[in-house]
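Down below is the structure, laid out as structure tokens.
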Amino acid sequence: MWHHLSSDWLNWADQLAPAAQKINQHLIAALDLPALARAADGRGLAVLDLASGVGEPAFGIARMLAGEDESSLHGQVIASDIVPGMCAGLAERAGAEGIGNLSVVAADMEKLPFGASTMDAISCRFGVMFCNDPDAALGDASRVLRAGGRAAFMLWAPLVDNPLFAAMDGVLGNMLGTGFADAGLDLFGFADPTSATARMARAGFGDVTLTTHNPAGRIPERAAFWKPQMEMLFGPQLRKASDAERGAIDAAMFEALRPYVTDGHFQVPICFHVLAGVKG
Ligand SMILES: C[S@@+](CC[C@H](N)C(=O)[O-])C[C@H]1O[C@@H](n2cnc3c(N)ncnc32)[C@H](O)[C@@H]1O
């Protein structure tokens, strides 16, 4: 299904980049790149970003490792995704932004085309839950990490804590007959902290931590702020809808999210986890 969504992801990527960077900081902090750099003793870090889509958080990590600031961080990022269209879009964006220490490899994160113990860090933002076998993906992440390397996964917390997704699921289910389940999207497979932590430990990671974050933006109530996420998850279905249906969807989304309007602004929280561990 992701094969049909790469154009939607590319359409919105630049506009969403500032908001993405705000939440990415939690994922990047969990990698503790400064500690990995100290352990690497001058060798540049090798970071693999899995299920990169069209660039998050690979771009931010590559910029940190570009060696252009006063920190001692430097290294290379490999961005990867199973969908060739996502990889092509990502490569095009990286070229346009002049990011030189990033390469792109099309890869299924369940069977990575990299040798054992070749990476210092692995990042993955909202990706592992979409694998056919997420435990195989966690296991392969552990395989390619060096001993002492760190992995961090950003994961959606439950639907009930993500009102934007709850509204989208209800509205599109009613209007187009396709919610997350019908579209084959399982966003919440790692929503339960206890089970997510246990899966990470079973994959061979030690020092497993899970932190939960609940930021809320402040967006003028005139803005149909759900549009990017909706198109990036349901682009093909929305393209088939009539103008009248799309207008009705926006009206129903506004109604569903109206309880979150304060002072002329939507303040809709999102809730996600960062699950991290160290290769033993
Ligand atoms: C929700 S998007 C996240 C993209 C990006 N990390 C971000 O946060 O903007 C999920 C991505 O996972 C990719 N994906 C799904 N299954 C995969 C797999 N088995 N291996 C690698 N990538 C996969 C999809 O192609 C899609 O780009």
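Rule-based calculations on the coordinates, nothing more; no lab input. Computed from a prediction, not measured in an experiment: that's the story for all the values here. Note that we place each Cβ from the backbone using ideal geometry, even for glycine, and neighbour counts take in every protein chain shown.
The table below lists the values:
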| quantity | calculated |
| --- | --- |
| Spatial separation of Cα centroids for region 14-83 and region 199-252, in angstrom | 23 Å |
| The chain - percent relative contact order, Cα under 8 Å, separation 6 or more | 21 percent |
| For region 33-107, the fraction of alpha-carbon pairs in successive 5 Å shells from zero, as % | 3, 19, 28, 21, 14, 10, 4, 0 |
| Within the chain, helix-based [θ] at 222 nm, where runs of 4 or more DSSP H residues each add -39,500 (n - 2.57), nearest 500 | -13500 deg cm²/dmol |
| Mean shadow area of region 126-188 over all directions, Cα convex hull, nm² | 5.0 nm² |
| Neighbour cut-off at most 11 other Cβ (10 Å), DSSP loop, trypsin sites (Lys or Arg not before Pro), region 215-279 | 218, 222 |
| Region 149-280: Cα Rg divided by the 2.2 N^0.38 Å rule of thumb | 1.23 |
| Nearby lysines by direct alpha-carbon distance to residue 240 (threshold 30 angstrom, same-chain neighbours under 8 apart not counted) | 227 |
| Cα long-axis angle, helix 243-257 against the chain (0 to 90 degrees, to the nearest 10) | 70 degrees |
| Reciprocal mean inverse distance between Cα atoms of region 68-155 - Kirkwood radius, Å | 14.1 Å |
| Of every Cα-Cα pair in the chain, the percent that sits beyond 31 Å | 27 percent |
| Along principal axes, Cα extents of region 30-187, largest first, whole Å | 56, 34, 29 |
| Given charges at Cβ of Lys, Arg, Asp, Glu: region 14-71 dipole, positive-most of 15, 71, 57 | 57 |
